[in-house]
Every structure is written in C-alpha cells, then in structure tokens.
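One structure below.
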Amino acid sequence: MSRLKSKAAIFLTLTLLTSLIAGCSGNNNANTSSPEASPKAEASASSPEASASAEQDLTPITFTMFAEDGNPNWSNMQDEVSKEITRKTGVTLDAEFAVGDPAQKVALIAASGEFPDIISAKGDIGKLVDAGAVIDLTDLIEQHAPNIKRVLGDNLARAKYTNEDQSIYAIPTWAAVDEKRFVAGGGFELQHRVVKEAGYPEIRTVQDYENVIKAYLEKHPTDENGNKNIGVSLNADDWHMYISVTNPAVATTGGSDDGEYFINQETHEATYHFRRPEEKEYFRWLNHMNDIGLLDKESFVQKYDQYKAKVATGRVLGLIDQDWDYNDSQQALKTAGKFDQTYGHYPVTMSKDIKEASFWPTGFMGGYGIAISSTAKDPVRIIKFLDFLASDEGQILNNWGIEGKHYVMENGKRVVPKEVQDRINNDNTAFTKETGIGFYWNMMVHYGDGAKDSTGNYYTKNYPEQLVVGYSDAEKETLAAYDATTWKDLFPKEDEFKEKAYGAAWNISIPGEDEVSILGTKMRDITWKRIPEAILAKPADFDKIWDAYMQDLEKAGVEKMEKGYTKYVQDRVALWSSK
C-alpha cells in the first residue's frame, strides 16, 4: 500500500510522501493560463487571492473532520500556525485522525449516515460516494475557490472521479503542483556509524546491505549497556506491512510505486505484484536474513509503538521503511545526541543491473484529497477555508510558519534563523507540535518542492540548500564520503524514466462495492498471512510455502481482480488523455 508512503514522501511526509480527487470546469481565466506562470503571478487587488481574502467571513465556526492519516502531534488547533489560520478564516477544526485500520473507520462512517463535515478518505473515497456521503464540488470550486483553480490550473481535469461520473468528490491535496522532488526519504536505511566503520562501501544491492550489517554486528553484538544490537527490524503492524514489508519487493526488483500492482507501462495491464517471480527472490532474501539472525525476531509481532521505541534506542542498525514512518524515533535519537545512530538512505535493489525507481515521475496525480460531506453545515464556508489554505499566504504559513517567529526576510529571501533551525534539527517533535508547521499539507491544494512564488522564494523548505542546513555533521560526513550533497544524489533521477500516463495506480479510486475492491481485501488477507510465514520459515520450506501462497491467490480469484483493475488503469489513461 505504497499510497501511504508517497511521499513521505512522502510523509509525513514526516511521508509522508503525496493526492485525492477533484475536477472542475471553468479553469480558463487569465490567472490559470499555465501552471508554470501561476506561481510567479503578482497578487493584485483584482487577483483571485486578493478577492478571496476580501470576501473571507471571519465569524467563528467549527467544522468536524475525519482524516485517514494520523497526526500524533495535532493539538486541536492550539499551535501557532493553526491559531493564525483561525484568525484569518474564523474556522476551527474538530478533527479525528484514524487509529488502526483507516478503511474500517471509513466503512463505518459510510454505513452510519452520520458524516463529519470534512473527510479525507484517500483510496476509500469510493465507499463514501456509494453511500451518498460526499458531494460534487465542481460548482463550489468554480464559484468560491479562485486559489484552488489558480494553483491546479489544467490539472483540475485529473480530479474527475471516473469516465462515467466526472464529478469532483474530493479536491486533490496529496499531489503537489509543479513539483521537483529533492527528498529521498525511502530506500533502505543504515545508521551512519555502520557505513563509516565499513569504510563507506557502495550500498547498491541487498548483498551489500547485508554485508555491512553482518560485519558491524560481529564486532558490536551489544550496545554500551549490554543490550543486543539488531540487524534489521521491520514494521509489520497493520497497514505498515505495506510500507516496510511488501512494497520494498517492488522497489528492489525495478518496479514503480503502484501500490499492490505492477503495471505494464506499454499495455497498462495490472498484475498483483507478488505474482512476479523476481519478487519471490526478494522474500527469499528476507527469509535468509531471518535464518542467519540479522532480522529482528519480533518484526511480525511488535506493535508500531514498540517498533518506534526500539528504533529510538539506537540499537537497530538497518531499516526498510519510509522516513515519515520512523521520524519520531529518529528525532528522539537526535535529541539524545546520537546522530551517528540516525539513518541514511540507499537505492538498494536485488542486483546492480536493476534501477531503483523511487523517483519515477507520475506527473500530477489527482486522486487523494479533501471531500465535503452531504450533511456538512456550510459547504460554502468550507470551500472558502480550503481556498485560503491554497493561497500563497496559506501555503507559506503551512510550510514556513509565521514571519518574524519561524522565519525572517533577508535580502528578499525567506531564511530560518539559526536558533529556530537548531530546534528543528534537535527537537523537531516538540517544535512541530508547538508550531503546527506542516500540519495542513494533505488538507490543502499546494505547489510542490522546487516551485517558487511571486517573490522568487520557494513555497516549501525542501530544496537542496535548505535541506543541507538541516543535516547533522554525521549525515554530512556520510554524504561527503559518497560524493553526494543530498540523499537524492544516490538515486536514479526522474529523467531516467518515462512519466507514467496514469499517475500512480495506488491512488485510483475503486468504488467500495466493486468486485475488484472485495477481491483486493481477500488477497491482502492471504498475503498478510503467507508472507510472514514464508519469511520466518526454515529455508528448506520456503518454496513449498510460496507455492501454496500462489495457489491460494489463484483460488481466491486473483486473475479476475487483475483484469478488473486493469480496466480502471486503462480508463484513467483514457480520462486523462481526453482533457
């Protein structure tokens, strides 16, 4: 379920790294002539941004909201950025964030008939559409959201639900406009002390990765307190299984990030990715890592909090995860001054001839985002609130914070003062909770990394010069040893791949009652049983278990599911190419 990582890119940042569903007509005004021009357009008195500000109703109002993504640092809008947003809009959010399986919660909401005012349901939006729980936003965007129209421009066409139903049920907020990604938050992670002791060898294959971990453990089986060091720990608690256990099978075998499917880039046919023979060899390697004692024995029984607590001790030498998933633990290590026990990112594949595809470009994806429920108390006020977030003012607030407090202007450039940057580097969790910076990225239409506003400043802080400011000395030392400035320098670049015509398959919305969705749940249950069984088995039993797994999938209807999902992918290609 790599939809949960994007972005990390995701995350999250955090993951988590970014989109939702929206679509609208009427984006042919002068201020939406091209995505490239829009960030640089000055906000004159008659511009969409200025007029939206002038019309803002500041009467206090509270909206309920449910979001599938967690935010453990949410402070009920008592942080500094949220208070400023409330001051500018009059809006307060009574927000609930998913705990456990978010799909189950969305299903309960859909069945209950009692809906929050605002819903971020990601891939489960189909359940809400089927239940009549969300409204078509086309007219609201046209009439009340000039900033959303300005930012999305022609990309608004990618927000339509399906070929048959071209409504906009959600405004795409996970995907960023005009984005050039600079952050490599995934791949395989190794502590800086591990690669340093090994002499900074090339880390390109699973064998390279295994070698440095094994060598370090042989010399340092315990930490300074006599506790056992751990080679690699996986996070297999609930949906994290996708991120840490199953998605890497695609990445290490050259596939792009398409959730539970491998998509043929010529025919757009979908295959349940576990059925690829090359992925079997990735899981065989994990089985081998378990057999030789380099895989954490608790990987498939530990809860997420236990995983994070373990990583925060500094005893886990390697991770296979996204940085937003272990960010709290890494921040704890930094706060404790254990910078050499934090992690770098490496483009690991099964063999050197395979190209790691983390940066395979998708274009603007549409897909995931924010929906307004059919029982919302004031849809117009909600869309105006979301439109404020899409304004330059809203985007700068979310990404940079408050001028004079979180950043200053020096020679026309936004600069983070040293004392603020030190807090970000060394106590980021507390800083984030206090400031609220970054809380709204997946609630708002936004420009991406590398895009600049009318003043020539970047919308986000994720650009090479600023990223380096946030690196510790240990991180800079590791990067220098690999002749790199940022972690992305180690990965294959966007221009080495052809942009995918469908964006990313993981953010294609499937109606909740569709057979593809029902079969997908069956396949997931089989996979989450069989994959851990295969990894933890004796090597001599691996093939037998894998063969039984493949047979289980076939009996459960995997081929029918693949055929159905292929149609959705091909329909999206047709929808997007007809705009």
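The values are calculated or read from the model by the stated rules, or taken from the named source; none is laboratory data. From a predicted model like this one, the values you see are computed outputs, not experimental measurements. Here the Cβ positions follow ideal geometry from the backbone for every residue, glycine too, while neighbour counts run over all protein chains shown.
On the basis of being out of contact with any helix residue (DSSP H, G or I) (no Cβ under 6 Å at 6 or more places or on another chain), of a type outside the set (G, A, S), in the same structural domain as E68 (by TED's automatic domain parsing) and at pLDDT 95 or above, does D154 make the cut? Considered against the rule, which asks whether it is out of contact with any helix residue (DSSP H, G or I) (no Cβ under 6 Å at 6 or more places or on another chain), of a type outside the set (G, A, S), in the same structural domain as E68 (by TED's automatic domain parsing) and at pLDDT 95 or above, D154 comes out as no. Residues in segment 484-523 that are surrounded by fewer than 17 Cβ atoms within 10 Å (Cβ to Cβ), in a helix (DSSP H, G or I) and not acidic (D, E) were compared, and the one that is modelled with the highest pLDDT is K522.
Restrict the check to segment 159-173 and report whether at least one residue is crowded, with 21+ Cβ neighbours inside 10 Å and within 18 Å of E475 (Cβ to Cβ). Within segment 159-173 (the criterion being crowded, with 21+ Cβ neighbours inside 10 Å and within 18 Å of E475 (Cβ to Cβ)), the answer is no, since none of the residues qualifies. Answer with yes or no whether G438 is in contact with a helix residue (DSSP H, G or I) (Cβ under 7 Å, 6 or more places away or on another chain), small (G, A, S), surrounded by 17 or more Cβ atoms within 10 Å (Cβ to Cβ) and at pLDDT 95 or above. No; evaluated as a whole, the condition is false for this residue. Restricting attention to segment 262-281, the residues that are aromatic (F, W, Y) and within 26 Å of R204 (Cβ to Cβ) add up to 2.
Please specify each residue of segment 87-102 satisfying the condition of being under 17 Å from W400 (Cα atoms) and buried (at least 19 other Cβ atoms within 10 Å of the Cβ). None - no residue of segment 87-102 is under 17 Å from W400 (Cα atoms) and buried (at least 19 other Cβ atoms within 10 Å of the Cβ), so the list stays empty. Give the number of residues within segment 116-133 that are modelled with pLDDT under 95 and either surrounded by fewer than 24 Cβ atoms within 10 Å (Cβ to Cβ) or assigned to a helix (DSSP H, G or I) (or both). Of the residues in that region, 11 qualify.
Okay, residues lined up against (1) aliphatic (A, V, I, L, M); (2) closer than 30 Å to P511 by Cβ; (3) crowded, with 21+ Cβ neighbours inside 10 Å:
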site	(1), (2), (3)
A175	yes, yes, yes
E197	no, no, no
V232	yes, no, yes
I243	yes, yes, yes
